[in-house]
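Before any comments, here is the structure.
The values are calculated or read from the model by the stated rules, or taken from the named source; none is laboratory data. Since we're looking at a predicted model, the values are computed, not measured. Virtual Cβ from ideal backbone geometry, glycine too; neighbours counted across all protein chains shown.
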Amino acid sequence: MKEKRREMDNTKITGFFDKDTQIKGDLNFKGSFRIDGHFKGTIKSESILIVGPNGQVEADVQVGYAVIDGQMNGNIQAKEKVEIHATGRVTGAIISPKLIIEEGAFLEANCQTTSKPPLPPEEKKSQETPPPRTDS
């Protein structure tokens, strides 16, 4: 009997930190992940990150899509979209092609709406200063 391949449904929550959970470290996941507890570290995924109303996240985040209902301190880089709902509080920097901010949300961040990721510091310096001329 052939085994059927299951595709990941990004609309289903595949991971969850409850409100009494405190975790430090690196988080990588597939599918949707919801944080209602405290998380500090880095988060990387191609999927959806949801910071619930009780969630407190202090992290550098690289995800496909972010939904913020709680508190987020750090840098968010999303491939698709960042949504900050009315109960959301974001402090840091946001890079995303789309940014949605509901009325009542708190935002203190540098925002860049682009689909291009920022250049690493080494490449940025090489583009800013032309190479020295070698005329003989």
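Here are the numbers for this structure:
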| quantity | calculated |
| --- | --- |
| Any strands (runs of 3 or more DSSP E) falling wholly within segment 25-67 and containing at least 3 residues that are at pLDDT 95 or above and either in contact with an Asp or Glu (Cβ under 6 Å, 6 or more places away or on another chain) or among the hydroxyl-bearing types (Ser, Thr, Tyr) (or both) | 38-44 |
| Residues of segment 79-104 that turn out to be aliphatic (A, V, I, L, M) and either surrounded by fewer than 23 Cβ atoms within 10 Å (Cβ to Cβ) or not in a strand (DSSP E or B) (or both), as a count | 6 |
| Residue check, residue 87 in contact (Cβ under 8 Å) with a residue 24 or more places away in the chain and of a type in the set (Ser, Thr, Tyr) | yes |
